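The block underneath contains the structure these notes are about, expressed in structure tokens.
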Amino acid sequence: MPPLQRGALPPVVGFIDMDCFYVAVERARDPRLLGKPCAVVQYPTGQRGRPDLRPEDDRWRTGGPMGGIIAVSYEARARGVTRQMSGAEAKKVCPEVILVQVPTAFGKADLQIYKDAGDAVVDLLASRCDATEKRSVDEVAIDITGAAEHLLASRAAAELGAAASAATHLADSALSVDAAKVTRSSARQGHDKQQSRDTSELADGWEEVLRRAASDPVAWRLIAGAVVVKELRQQVESTLGFTCSGGVATNKVLAKLGCGLHKPNQQTLLLPHAAPVLLKDLPLDRLPGLGGDFGQAVKSRFGVQSAGELLQVPRPDVLKQFPQRGEWLLALAAGDDSAAEAVKDRQLVKSLSNGKTFFGEKRLRSLEEVDYWLGELTGELHRRYLQQVEKHQRTPSTLQVSLTLDQKEHLTRQQPIQLGSQGTPEQILQTAKACARRAGAVSGVISLGLSLSNMIPLEASSASLSKFFGRKSEGAASKEKGEKPQEKAKAKPKEANLLGACFARAADLLVHRLNQRPGLESCPASEFRPAKGSRSGRGCFGGAPAEHPAGDSERAGPGAQVEEAPL
DNA sequence: ATTTTGTTGCC
DNA sequence: GGCAACAAA
Ligand SMILES: Nc1ncnc2c1ncn2[C@H]1C[C@H](O)[C@@H](COP(=O)(O)OP(=O)(O)OP(=O)(O)O)O1
Ligand SMILES: [Mg+2]
Ligand SMILES: [Mg+2]
């Protein structure tokens, strides 16, 4: 990997998470919400033929059913409002709370305004980053090694130190370590440990850090990274009007962990020496991949609660209980770089999906009803598909239908679809119906979902290809957003697959080398199987397999699927 | 009684 | 390539 070869030094990784994001998007549209306790709700978007609520309509909810809360302002959090509450419950604990309903289109929630806002953040960040990875609608991981090194070379050390320390929490400060002790569920709600931002706390520890960093190149680059993140956050706020929190560390896991320690509108630097301090009492479920059944199994298997406790378990015991993932697990609990994937350069989503659930009485009882809702879902997805063609010159090649039937059975059916640049809703609907028929969707349908995936570039113009190669291999800020270079789609009946076929292999290798590193990485779910019937409160829409990562030889791999020993 | 997106294992 | 399961925001 020519451009970013940095010898043995680890990269400088930043992580950005927007503050109460959907609320922030609504506040940017309607400043009356600024400073007020408010929340965004999804009204149970049910019946056929109800008028849609467009983004520009008055969407404040005052009476009737209030829907479920999906985002909460910090003012409302302080008064006890939480996600997952119903609007009515929120009104009980906080009568002043303003509830804004998400727009609807095609008879269902329409999240487009939030997606657009999230994309704008990614675009802005990408201007200064070596790699920009969209992690969710409101999160971005960034490789800022280049920008940090540039600052180191162009600004005086004292100036950098002053700028970083004035704006950045240290992850091993007393306040940070306290913030790390709360479990995932309480951390998500926001708590006082995260919020106090007086300067005496910020100063805590910085003097010594700056002294020691003089002879520590890794630390110095990270400190410069904190300045980069500070500037990027400022730019996001002034350009887009959203505040966010930031984290800086040598890998994605730690950067994200740091990011979550102080919110809203704050940032945290997690230097290598702080990792053990922070992880010692960190509840295991705060680590990525351990927030679900697997994390619970790890906890109960060893009788541990924190990452520090897990590290006390004799290594052979861990490896015996979790042969495939034991090494990864221990590296993760230690905050080791080898447990985290490199920051990928992917600025766009890999799939477009939507879905709707039909509870109880609303269960779909006939083929006619199923087809009606497939039509509504198709309408929305087609609109989004056209947007991808226009804005990003790419088209999906797989359609997946997912549905839940009466007895909780969940099924998916997929098939290739050729939409090119001018696909029609009818084309999507016909394919969707075919999939639904194969799945046996006739009556007792509790949920329906559609997904378009396997995005491929439209138009194998030599321009788009050489752009891809040229920019990437020079390593300079590439504006490519991460589509698969192999397999070009025909924009029109013409344009065959010539260049695409020629370059597919080389492009694949190149992308792979830029995006992947060897090592432990990844956090799958083998070696742990949930109890038989234990699939109760989970989501309905199985996502679409977006694409194959063209797996590099040695993963923790399939082959030896090992059942965990019973308790 | 939510709606998305991404990953991995297995065939 | 197709499908199920899991994890996350
Ligand atoms: N379970 C969910 N269902 C639907 N939408 C969700 C869910 N979780 C999160 N979202 C949406 C709404 C959020 O504003 C947005 C970003 O999530 P997240 O970062 O976890 O919280 P947040 O941005 O609202 O607050 P915070 O300031 O704590 O980050 O994604
Ligand atoms: Mg957020
Ligand atoms: Mg988030």
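Might you report the magnitude of the Cβ-based charge dipole of region A:230-389 about its Cα centre, with Lys and Arg at +1 and Asp and Glu at -1, to the nearest 20 debye? Before the final figure, lay out the partial values.
Numbers: 21 positive and 18 negative charges, 24 e Å.
Dipole magnitude for region A:230-389 comes out near 120 debye.
Beyond 17 Å, the tail of the calculated P(r) for region A:258-316 holds 45 percent of the Cα pairs. Surface calculation, 1.4 Å probe, protein heavy atoms: A:ARG301 sits at approximately 40 Å² accessible.
Within region A:121-167, which GluC sites (Glu not before Pro) sit in a loop by DSSP and count at most 15 neighbouring Cβ atoms inside 10 Å? If you can, show how the numbers build up before the last one.
Details: sites: A:GLU133, A:GLU139, A:GLU149, A:GLU159; in loops: none.
Sites meeting the loop and neighbour criteria: none at all.
For A:GLN305, what charge total do you get from the other residues with a beta carbon under 15 Å from its beta carbon, if Lys and Arg give +1 and Asp and Glu give -1? Spell out each step's value before the answer.
Numbers: positive: A:LYS181, A:ARG184, A:LYS280, A:ARG286, A:LYS299, A:ARG301; negative: A:ASP281, A:ASP285, A:GLU309.
So the environment of A:GLN305 carries a net charge of +3.
Viscosity 1.306 mPa s, temperature 10 °C: Stokes-Einstein D of region A:297-398 from its Kirkwood Cα radius, in µm² per second?
Numbers: Rh = 18.6 Å.
Rounded, D is 85 µm²/s.
Taking the Cα centre of region A:29-103 as the origin, how large is its charge dipole in debye, to the nearest 20, when only Lys and Arg (+1) and Asp and Glu (-1) carry charge on their Cβ atoms? Walk me through the numbers on the way to the answer.
Working: 13 positive and 8 negative charges, 30 e Å.
Dipole magnitude for region A:29-103 comes out near 140 debye.
Ordering A:THR268, A:GLY241, A:LEU282 by Cα displacement along the dipole of region A:214-284 toward the positive end leaves A:LEU282 in first place; charges were set at the Cβ atoms of Lys, Arg (+1) and Asp, Glu (-1). The loop-placed GluC sites (Glu not before Pro) in region A:16-81, going by DSSP, that have at most 14 neighbouring Cβ atoms within 10 Å of their Cβ come out as A:GLU56.
Of the two radii for region A:357-406, the radius of gyration is 1.10 times the Kirkwood radius, both from the alpha carbons; that is the Rg over Rh value. Placing +1 on the Cβ of every Lys and Arg and -1 on the Cβ of every Asp and Glu, with nothing else charged, gives region A:1-152 a dipole about its Cα centre of roughly 680 debye. Would you mind classifying region A:33-143 by shape? Square roots of the alpha carbon gyration tensor eigenvalues, ordered a ≥ b ≥ c; an a/c under 1.5 is rounded, otherwise it is prolate if a/b is larger than b/c and oblate if not. Oblate, since a/c reaches 1.5 and b/c is not below a/b. Rounded to the nearest angstrom and listed largest first, the equivalent-ellipsoid semi-axes of region A:71-205 from its Cα gyration tensor are 34, 25, 12.
Looking at region A:240-285 from every direction and averaging, what is the projected area of its Cα convex hull in nm²? Present the calculation step by step, with values, prior to reporting the outcome.
Values: hull surface 14.7 nm².
Taking the Cα atoms of region A:240-285, their convex hull projects to 3.7 nm² on average.
Provide A:TRP60, A:TRP220, A:TRP373 ordered by accessible surface of protein heavy atoms (probe 1.4 Å), highest first. List each step's numbers first, then the result.
Values: A:TRP60 80, A:TRP220 40, A:TRP373 10 Å².
The most accessible residue leads, giving A:TRP60, A:TRP220, A:TRP373.
What is the local net charge at A:LEU377, summed over the other residues whose Cβ is closer than 10 Å to its Cβ (Lys, Arg +1; Asp, Glu -1)? Display every interim value, and only then the final one.
On the way: positive: A:LYS108, A:LYS356; negative: A:GLU376, A:GLU380.
Net charge in that neighbourhood comes out at 0.
The fraction of accessible area contributed by carbon and sulfur in region A:41-145 is 53 percent, rounded to a whole number (1.4 Å probe; ligands and nucleic acids excluded).
In region A:1-73, Rg over Rh equals 1.27, where Rg is the alpha-carbon radius of gyration and Rh the Kirkwood radius from pairwise Cα distances.
Based on alpha carbons, the Rg and Dmax found for region A:207-319 are 16.9, 52 Å. Once you have a ≥ b ≥ c as the square roots of the Cα gyration tensor eigenvalues for region A:129-174, tell me rounded if a/c is under 1.5, and otherwise prolate or oblate according to whether a/b is larger than b/c. Taking the square roots of the gyration eigenvalues as a ≥ b ≥ c, region A:129-174 is oblate.
Selection among A:ALA131, A:ALA90, A:ILE142 by position relative to the dipole of region A:84-172 gives A:ALA90 as farthest towards the positive end (Cβ unit charges, Cα centre). Computed in the context of the full set of protein chains, the accessible area of region A:342-471 at 1.4 Å probe radius has 50% of its extent on carbon or sulfur. The three principal axes of the Cα atoms in region A:316-464 give end-to-end lengths of 58, 52, 21 Å, sorted in falling order.
So what's the projected area for region A:337-380, the Cα convex hull averaged over all directions, in nm²?
Working: hull surface 23.6 nm².
Mean shadow area of the hull around the Cα atoms is 5.9 nm².
Using a simple spin-label model with pseudo-atoms 7 Å out from Cα toward Cβ, A:GLU487 and A:GLU409 lie 2.9 nm apart.
The values are calculated or read from the model by the stated rules, or taken from the named source; none is laboratory data. Only a predicted model underlies this, so the values are computations on that prediction, with no experimental measurement involved. Neighbour counts run over all protein chains shown; Cβ positions are idealised from the backbone, glycine included. Just so you know, the surface numbers come from the protein's heavy atoms only, side chains and all, with ligands and any DNA or RNA stripped out. Shrake-Rupley method; radii C 1.70, N 1.55, O 1.52, S 1.80 Å.
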